[in-house]
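Read-outs: derived from the displayed coordinates by stated rules, not from any lab. Keep in mind the model is a prediction, meaning the values are calculated, not measured. In this analysis, Cβ positions are derived from the backbone assuming ideal geometry, glycine residues included, and neighbour counts consider all displayed protein chains.
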Amino acid sequence: MRVLGAIIAGGKSRRMGQDKAFIEWRGKTLITHVIERLSVQTDQLIINANSNLEHLGPVIVPDKIETGTPVAGLHAVLTYAVEHGFDAVLTSPCDTPLLPLDLRALLSGHGAAIAASGGQAHYLTGFWPVESLDVLDGLIRVKDFAATAKAKQVEWPVKEYDPFLNINRPKDLLYLPG
C-alpha cells in the first residue's frame, strides 16, 4: 500500500498572531518536527499550503477549492494522492510537534480513521483511503467529513503529554514538554 503523508498548513494562524508553523521549539520549527515524524511513516510527504514553503523540502500543494476550512486542504492532498497513484493519505496539522511515530501503524487497517486522545477526536490527524475523496464534495467541516467517511476513532493514551497537542495560541506552548 502506497501511503502519502500530508501536512495541512493552509490556515491563517489568527489565534496565534503569527504563522504557527514557524514557531521554534527545541531548536526547530513546529512544522519541521511534523515533517520529521510524518516522513518516516509514509512513502512521500507533501505540504498543503497557500504560501511559498518550498524551502522546507516537500512538494507544496495549494488548495483547489475554497471552503475557508481545512476541508480545502484535505481535498487538495487527496486529489494529489489520486493523481499520483497513492492508495491512502496520512494527514496531520502543521502544529502537532509531538505526533506519534506509530500513527500509520495504528490508523491503517480500519479504512478511514482519525486519532483521538484524552476523549478528544483529532479530525485532521487521520488516515484516508483515496476513495474518501468521493464523499468530501460539498462538506465544510472536517468533523462532517470524518463522519461521512465513517472514520474510526483510534485512541492514544495521554501519559506525560498529549501526543496530539495542537499549538493554536501562545499559551499552548507552555504545555510542550521540556
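Provide the gained length on full extension for the span N50 to E36, in nm with one decimal, where the gain is 0.36 nm per separating residue minus the Cα-Cα distance.
The N50-E36 span can extend by a further 2.9 nm.
Mind checking segment 69-178 for chymotrypsin sites (Phe, Trp or Tyr not before Pro) that DSSP puts in a loop (not H, G, I, E or B) and that have at most 16 other Cβ atoms within 10 Å?
Filter output for segment 69-178: Y161.
Highest mean first, how do 62-69, 108-115 rank when packing is the count of other Cβ atoms within 10 Å averaged over residues?
The packing order, highest mean first, is 108-115, 62-69.
From the phi of every residue in segment 38-52, what ³J(HN,Hα) in whole Hz does the Karplus formula 6.51 cos²θ - 1.76 cosθ + 1.60 yield, where θ is phi - 60° and glycine or proline is x?
Calculated HN-Hα couplings, in order: 8, 5, 6, 10, 9, 7, 7, 10, 10, 10, 8, 8, 10, 9, 7 Hz.
Using 0.36 nm per residue of separation minus the Cα-Cα distance, give me the extension gain between R26 and L106 in nm, one decimal.
26.1 nm
Under 10 °C and 1.306 mPa s, how fast does segment 3-175 diffuse according to Stokes-Einstein, given a Kirkwood radius computed over C-alpha pairs? Answer in µm²/s, whole number.
For these conditions, the coefficient is 100 µm²/s.
What relative contact order, as a whole-number percentage, does segment 3-175 give when Cα pairs under 8 Å and 6 or more residues apart are counted?
Over segment 3-175, the number comes to 25 percent.
With +1 on each Lys and Arg Cβ and -1 on each Asp and Glu Cβ, how big is the dipole of segment 3-175 about its Cα centre, in debye rounded to the nearest 20?
580
Of the trypsin sites (Lys or Arg not before Pro) in segment 70-148, which ones lie in a loop per DSSP and count no more than 15 other C-beta atoms within 10 Å?
Those satisfying the criteria are R141.
Along the Cα→Cβ direction, 7 angstrom out, place labels at E66 and Y175. What is the inter-label distance in nm?
The answer from the label model is 3.3 nm.
Could you give me D for segment 77-122, from Stokes-Einstein at 37 °C and 0.692 mPa s, where the hydrodynamic radius is the Kirkwood radius over C-alpha pairs? Units µm² s⁻¹, please.
270
What 222 nm value per residue comes from the helices of the chain, counting each DSSP H run with n ≥ 4 as -39,500 (n - 2.57) and dividing by all residues, nearest 500 deg cm²/dmol?
-5500 deg cm²/dmol
Farthest toward the dipole's positive end in segment 1-101, which of L101, L78, A88, given Cβ charges of +1 (Lys, Arg) and -1 (Asp, Glu) about the Cα centre?
Among L101, L78, A88, the one farthest towards the positive end of the dipole of segment 1-101 is L101.
Considering amide H positions built from the backbone, and no H for Pro or chain starts, which residues 5 or more places from T67, or on another chain, come under 5 Å of its amide H?
Those lying under 5 Å, H to H, from T67 are A72.
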